[in-house]
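Peer 1: Just dropping this structure here.
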Amino acid sequence: MGTAQQRWSKSIPELTPRQRLVLQAIVQLYVRTATPVGSRTLARYLWRQLRLSPASIRNIMAELEERKLLTHPHTSAGRIPADLGYRAYVDMLMEAQEPTPEEQQLIAQALSAAEHSEELLQDATKVLSALSSALAVVRSPVLDQLRIRRIELTQLSSTTLLLVVVLESELIRTLLVETPVMIPQRRLEAVVQLLNERCCGRSLGVVRTAFGELLDGAEEIPAQVMQLLQGSFEQLARNEDWGSIYVSGASQLLRYPECASPERLRSIARLIDERQQLLGLLAQYEPKLQEQDLYIGIGRELHRRELWDYSLILARYRMGSGWGIVGILGPKRMPYARLIPMVRYVAQLITQRHTQA
């Protein structure tokens, strides 16, 4: 997967060609069947490549287990991949499968129907969840990153203004501003014109941190109103300091026996319901996604006990001068070869749509 792939080469032991084939086959079979893989099954599956007896295969499986690449349930003689085994598979053994023409068409159709950015991101979660049979998440860019296109102020009452900020990709945010006095309409129009002249084309982060400097000497704006407007831009940024989150497909996890226990479902439901927790989880991987366009976390690599049975695939997309995150959360027993390219493809299409907007 190149530099975009999360690398753990220091912790993955060197493998012989036979060990590589056996580990690759165990991951593929376990992903397909959810059943621990035995030596007889492997001997048949790999007969054309290895032509080894079940006893010889068992010896190789024992070597892989000793290297912490495989493990086995207490009640089974078969083996399943350990976290490090999945990691070795993803980093070294996986043969990526790009989305089929039919899948590409479904994704393109789903995203082309959206009329605005929020709808586009929600549609992306729906189509990605449906095609991946996993929980799909999309996080919008942090507002501070996005440039302002237009600012509007509308008088709703004698002491209430509606502030409308139109950002890149037609992302719109609104806020009610309470004023101590009524602002005459002509004065309000002058304020709006000045705000647009001095703030448009700059990011929200720059505007809110340098508001006073940008509007220095603006006699059209009373001091009290200036303070209120500066506080309003600060509030807009605080409301979405980690971006907005879109989620789809929690019911997809019911497909997998290892995810369907009530305790595991409750832990995922809590994560989804408490959106700040989910936003916080994605924020943990921002530094990695600033260095590479793809992140894959497997089991205990995710550092949260309730996620030890899951894997997370995240990709970065661009929206103007900002960037967001798209990804899936599913069982460790997921078809990585198919889903990693799919997540990346959806990210590329979201970027294209925003580039064309």
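Throughout, read-outs are computed from the coordinates displayed, never taken from laboratory work. If you're wondering where the values come from, they're calculated on a predicted model, not measured in any experiment. Neighbour counts are summed over all protein chains in view; Cβ atoms, including those assigned to glycine, are modelled from backbone coordinates with ideal geometry.
Peer 1: Can you give the local net charge around G243? Use residues other than it whose beta-carbon is closer than 15 angstrom to its beta-carbon, Lys and Arg +1, Asp and Glu -1. Working shown, then result.
Peer 2: Details: positive: R139, R173, R238, R275, R316, R318; negative: E118, D144, E168, E240, D241, E286.
Charge balance in the 15 Å sphere: 0.
Peer 1: Once label points are set 7 Å from the Cα along Cα→Cβ at both H74 and R266, what is their separation, rounded to one decimal in nm?
Peer 2: Inter-label distance under the simple model: 2.2 nm.
Peer 1: Then there's this: Place a +1 charge on the Cβ of each Lys and Arg in the chain and a -1 charge on the Cβ of each Asp and Glu, then give the dipole magnitude about the Cα centre in debye, rounded to the nearest 20. Walk me through the numbers before you get to the answer.
Peer 2: On the way: 42 positive and 38 negative charges, 402 e Å.
So the magnitude is around 1920 debye.
Peer 1: What is the chain's relative contact order, in percent, from Cα pairs under 8 angstrom and six or more apart in sequence?
Peer 2: On the way: 573 pairs, mean separation 74.1, N = 357.
Rounded, it is 21 percent for the chain.
Peer 1: Here's something else I'd like to know. Using Cα pairs closer than 8 Å and at least 6 residues apart in sequence, work out the relative contact order for region 121-194, in percent.
Peer 2: On the way: 82 pairs, mean separation 15.2, N = 74.
Reported relative contact order: 20 percent.
Peer 1: Still on this structure, I have one more. Using the per-residue mean of other Cβ atoms lying within 10 Å as a proxy for protection, in what order, highest first, do the peptides 314-327, 177-190, 26-39, 82-95 fall?
Peer 2: 314-327, 82-95, 26-39, 177-190
Peer 1: Still on this structure, please answer the following. Please check which bits of region 39-61 a label hung off T33 would reach, taking the label as a point 7 Å along Cα-to-C-beta and the cut-off as backbone N under 16 Å.
Peer 2: 39-48, 54-55, 57-58, 61
Peer 1: How many nm separate the modelled label positions at A283 and R44, each set 7 Å beyond the Cα in the direction of the Cβ?
Peer 2: The two pseudo-label positions are separated by 5.2 nm.
Peer 1: Follow-up. Measuring from label point to label point, each 7 Å out along Cα→Cβ, what is the Q185 to Q352 span in nm?
Peer 2: About 4.7 nm, to one decimal.
Peer 1: With r as the distance between the Cβ atoms of R20 and N239 and R0 = 51 Å, compute the FRET efficiency 1/(1 + (r/R0)^6) and round to 0.05. Don't skip to the end; give the middle numbers.
Peer 2: Details: r = 50 Å, r/R0 = 0.98.
So, using R0 = 51 Å, E works out to roughly 0.55.
Peer 1: Here's a follow-up. Go ahead and estimate [θ] at 222 nm for the chain from helices alone: -39,500 (n - 2.57) per DSSP H run with n ≥ 4, summed, over the residue count, rounded to 500.
Peer 2: Numbers: 14 runs with 162 residues, N = 357.
The helix-only estimate for the chain comes to -14000 deg cm²/dmol at 222 nm.
Peer 1: If you average the alpha carbon positions of region 163-218 and of region 64-123, how far apart do those two centres end up, in angstrom?
Peer 2: Going from one Cα centre to the other spans 45 Å.
Peer 1: Specify the inter-centroid distance of region 280-303 and region 141-155, based on alpha-carbon positions, in whole Å.
Peer 2: 28
Peer 1: Return a whole-number percent for the relative contact order of region 2-93, with Cα pairs under 8 Å and 6 or more residues apart as the contact set. The partial results should precede the final answer.
Peer 2: Working: 105 pairs, mean separation 32.9, N = 92.
Answer for region 2-93 is 36 percent.
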